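Student: Take a look at this one; I'll ask things after.
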């Protein structure tokens, strides 16, 4: 069958690409490293945007828009920052094309820019260059801004949603009078991400701090949420940075405090990207196709009409249309009737399973006679017969059950594949035998972390808030430490 | 007073920039031709997006996302198209920066792209390159896609919102089996734009077809909606193009018809941009500041508390907070209480007038004693005393009256400044004395139109649907024609 997908345990990478292809979420654009987000995939991103945007506004943020082009001189003002991004930048050097004498279209050498422009890989520099005008007094603080935008990081090895040259994201950029207020903001926004991931995407996460090696270039420290894929690797799904005064100093932004002194404001930035869609696929989907949690699915229920004769068809379709009218009273709920002709019910069942619709409603003449229909859960495959007059009560309950089941299953998987080890030797052997998250005491240097990465391909994913406490011996150096770090191979 | 704005009849261009500055809608970014859209301006764009997005979805469209980078080879496939855009393109030629031996950050010459990339000035080429995979059969049609995106056209002379190097827009790109279906789509979407402009932005428009000179590069024909600024120039506020088979042929996209033949699909594209905000300013604002129609305003009513003593303040503020609770039942309505300390009511009145809030609510101790408050209309300045217990009924009525008054005023202005002339001589003299829209019979060539532009700076803005009918003599060539064209100077 043409729409069959590769099984996870045959070829996990191929399986991931098959899901994206068959569920029509995205496809290659022909432009190196850039994908086309298809309507089915973009509808998920729209729902993510709506949900997150409300969460950001409920915590006091407003949206704005800053240029996508950043002059190299702005970009260079903060050394650590430019070092972190300079090697993966799309650079605009000319502003015109021309036709050569042999009719070829080419770059016009006479239209070279005086100063090259970088296509934003992140917007701290252009935004702090602007904040210079917006921040004069303590009354201007806190400044709580978010931007929805496209971003470019020139990646050599790409994978749809997870790592693409261009991607979509939001980036929060805030300014605060004190270190503590910026700290509260950075923590709050990590909490927003964790809540969004767990409550809407049903993606369980470890929340914690990044190690020195993995923090954002220019940050004082970085918070992260990390989840586990079904091949037991880590995916970073959101970060929130306490930037200290790095950017206020680089752009000479000061404010007059209530005591009349001139001070540098403290900054945060935080973001999530279209990578969330990739993470969701990697966490929930199965060998039958895409699995989309009901709360983020663009369509919750698809009805497949079953009939042979024309009069059966009329009855079935008109009953389904009646249901569609009744369901309009349900909140946050989208119901689709698959009226495609010349496709068998079996084909349609398979098609909507591939596409990840949470719940399928089957209605045929026998069901009609019984005044009931069949609901088929995408997560478990379970089929439930429900009287037609109970659907408004039952469907929301079943959808919530799917949402919870997906979360619990992913959480159990993450817990089952999170190990504690005490020594580096044990770690190396275990990581090969049992891929997963390794929670270890770690007090090593950034060089130590580099060496671990070189030898094992595992990196320090996060210093999870939940696992700090008692002291123990660093698995790499043997030094006493209270810091536990999760090491894992990552996407 | 620092926040005073230039009067329209002193310096119209300066007035426009003052409005944008004082209402904090946008500001210069320091990046050539690119603006920062401030939160106050972006909130208007968000509301425009929400409204239009719903109108697009109600007419059967879905959103998707295509890369911002277009390889020069795609871009060059359609000769007329590339000729139209090649001279104003940002071109990415390198993918890395480097640090020179003296510590300067510069473009890495070793990271030159094999093929330069254009930052999209419009997306027909990248989208039709993709549609090749999406369209095989008549069953795949119509294909009704929209994209919200940023766009780059390298402009030499820029003006915030009206003409910027980077701007935000939506672009619809559809494919149809027949010429007639594409024609119906192009017309329908122009109608959506006209309805949006008139019903939400209170901006009256002439809708019609573009002259040959002014049509989109690559289009069969272009429809346009044009409005008039207060300095009596035209602004194009939306276009809808019937692209014929230009792009399906350029990208070799064919479909199998129901009869089994291979056919080229017909295309449309249509867009509106952040220019709409500039047009709205130019149509409605006055010498007191920005004027925002209630249906598109992010905030409809601002309350300014008036008090001297502390106990007065408590009563006034708690009454306003009570109103805020009550107003939560009002649909599409946002109510803000201006609680800023140490600013006088007079300062606040002026401030909210500058910022274009449609209705101001004033409440002081005397009003409280009378169980009433004062509502001040931004459009007319009229002050209306309203009993507190009637606010839920009265406010929506007054807001609708503001909306209608703004539309009618702009419509009357447009009508008063639209003239009919019969000869080119008459046109030239009248245009200088009385700037405005000139409705004339026109049967000239594209060269004739070029000459008119050269001599008068006026261009053919549109062939308005409403003004076609009886025949007359072309004002330029004297030839008999039934075609009336509006000529005007334009932004």
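Student: Using the C-alpha gyration tensor of segment A:250-317, what are the square roots of 5 times its eigenvalues, in whole angstrom, with the largest one first? Provide the component values of the computation, followed by the final result.
Tutor: On the way: eigenvalues 676, 59, 13 Å².
Here the semi-axes work out to 58, 17, 8 Å.
Student: Please check which bits of segment A:328-345 a label hung off residue A:393 would reach, taking the label as a point 7 Å along Cα-to-C-beta and the cut-off as backbone N under 19 Å.
Tutor: Backbone N within reach: A:328-331.
Student: While we're on this one: Ignoring solvent entirely, what values of log10 I(q)/I(0) come out of the Debye formula for segment A:160-291 at 0.12, 0.15 Å⁻¹ when each Cα is a single scatterer?
Tutor: Each listed q corresponds, in turn, to -0.52, -0.74.
Student: Can you list the copy-to-copy distances for residue A:383, using a point 7 angstrom from Cα toward Cβ, in nanometres, shortest first?
Tutor: 7.4
Student: Regarding segment B:103-186, what whole-number volume in Å³ per residue does the convex hull of its Cα atoms give?
Tutor: Numbers: hull volume 14.4 nm³, N = 84.
Value for segment B:103-186: 171 Å³ per residue.
Student: Okay, moving on. Give me the distance in nm between label points sitting 7 Å out from Cα along the Cα-to-Cβ direction at residue A:252 and residue B:477, one decimal.
Tutor: The answer from the label model is 6.1 nm.
Student: Using Cα-Cα distances under 8 Å and only pairs 6 or more residues apart, what relative contact order does chain B have, in percent? Let's see the in-between values first.
Tutor: Values: 964 pairs, mean separation 67.8, N = 491.
Dividing the mean separation by the residue count of chain B yields 14 percent.
Student: On C-alpha positions alone, give me the angle between the axis of helix A:124-134 and the longest principal axis of chain A, in degrees, nearest 10.
Tutor: Taking the Cα atoms of chain A, the angle to A:124-134 is about 70 degrees.
Student: What percentages make up the Cα-Cα pair-distance distribution of chain B when the bins are 10 Å wide from 0?
Tutor: Taking every Cα pair in chain B, the percentages come to 4, 17, 24, 23, 17, 10, 4, 1, 0.
Student: Order of B:255, A:264, B:16 from fewest to most other C-beta atoms within 10 Å? Spell out each step's value before the answer.
Tutor: Details: B:255 21, A:264 18, B:16 25.
Lowest to highest Cβ neighbour count: A:264, B:255, B:16.
Student: Tell me the distances, shortest first, between residue A:137 and the same position across the other copies, using label points 7 Å along Cα→Cβ, in nm to one decimal.
Tutor: 6.9
Student: What number, rounded to the nearest 500 deg cm²/dmol, is the helix-based mean residue ellipticity at 222 nm of the protein assembly as shown, given -39500 (n - 2.57) per DSSP H run of at least four residues and division by all its residues?
Tutor: -10500 deg cm²/dmol
Student: Calculate the tail of P(r) for segment B:1-123: the fraction of all Cα-Cα distances greater than 27 Å, expressed in %. Please list the in-between numbers first.
Tutor: Values: 3889 of 7503 pairs.
Value for segment B:1-123 (Cα pairs over 27 Å): 52 percent.
Student: What is the helix-to-structure angle for B:39-58, meaning the angle in degrees between its Cα long axis and the longest Cα principal axis of chain B, kept from 0 to 90 and rounded to the nearest 10?
Tutor: Result, in degrees: 60.
Student: Now for a separate question. Students often check this: by mean Cβ neighbours within 10 Å, which of B:434-441, A:57-64 ranks highest, and how do the rest follow?
Tutor: Details: B:434-441: 21.2, A:57-64: 16.2.
Order by mean packing, descending: B:434-441, A:57-64.
Student: Could you tell me which of rounded, prolate or oblate describes segment B:164-233, using a ≥ b ≥ c as the square roots of the eigenvalues of the alpha-carbon gyration tensor, with rounded for a/c under 1.5 and, failing that, prolate when a/b is larger than b/c and oblate otherwise?
Tutor: Note, shape of segment B:164-233 comes out prolate.
Student: Output the 0 to 90 degree angle, nearest 10, between the alpha-carbon long axis of helix A:345-354 and the longest principal axis computed from the alpha carbons of chain A.
Tutor: With rounding to tens, the tilt is 10 degrees.
Student: Where does segment B:301-398 land on the Kirkwood hydrodynamic radius, alpha-carbon pairs, in angstrom?
Tutor: Details: mean 1/r = 0.0738 Å⁻¹.
Averaging 1/r across every pair of different Cα atoms and inverting gives 13.6 Å.
Student: Just rank B:302, B:119, fewest to most, by other beta-carbon atoms within 10 angstrom. Walk me through the numbers on the way to the answer.
Tutor: Details: B:302 23, B:119 26.
The fewest-first ordering by Cβ neighbours comes to B:302, B:119.
Student: What is the diffusion coefficient of the protein assembly as shown in µm²/s, taking the Kirkwood radius over Cα pairs and the Stokes-Einstein relation at 4 °C with a viscosity of 1.567 mPa s? Kindly include the intermediate steps, with their values, before the conclusion.
Tutor: On the way: Rh = 31.2 Å.
Diffusion coefficient, whole number: 42 µm²/s.
Student: FRET efficiency for residue B:369 and residue A:179, Cβ-Cβ distance as r, R0 = 51 Å, nearest 0.05?
Tutor: 0.60
Student: So what's segment B:418-488 giving for Rg/Rh, alpha carbon basis, Kirkwood Rh from the mean inverse pair distance?
Tutor: Values: Rg = 10.9 Å, Rh = 11.8 Å.
Ratio of gyration radius to Kirkwood radius for segment B:418-488: 0.92.
Student: Right, here's the next one. Checking the a/c ratio against 1.5 first, then a/b against b/c, what shape does the Cα gyration tensor give for segment A:12-284?
Tutor: On the way: a/c = 2.02, a/b = 1.11, b/c = 1.82.
Oblate, since a/c reaches 1.5 and b/c is not below a/b.
Student: Cα centroid distance between segment B:135-162 and segment B:254-332, in Å?
Tutor: 23 Å
Student: Mind checking B:96-109 for the average number of partner chain beta-carbons within 10 Å of each residue's beta-carbon?
Tutor: Details: counts 7, 13, 2, 5, 0, 0, 0, 2, 2, 11, 5, 7, 4, 0.
Across B:96-109, the average partner-chain Cβ count within 10 Å equals 4.
Student: Would you mind ranking B:426, A:341 so that the residue whose beta carbon has the fewest other beta carbons within 10 Å leads the list? It would help to have the intermediate numbers written out before the result.
Tutor: Details: B:426 15, A:341 5.
The order, fewest Cβ neighbours first, is A:341, B:426.
Student: How big is segment A:218-375 along each principal axis, measuring the range of its Cα positions in Å and listing the largest first?
Tutor: Rounded to whole Å, the extents work out to 83, 39, 24 Å.
Student: Over what distance in Å are the Cα centres of segment B:426-477 and segment A:19-89 separated?
Tutor: 46 Å
Student: If the label for residue B:451 sits 7 angstrom from Cα along the Cα-to-Cβ line, what are its distances to the same label in every other copy, in nm to one decimal, shortest first?
Tutor: 8.5
No lab work stands behind these numbers, since they all come straight from the coordinates. The structure presented is a predicted model; accordingly, all values stated were derived computationally and were not measured. Heads up, the Cβs are rebuilt from the backbone with ideal geometry, glycines too, and the neighbour counts pull from every protein chain shown.
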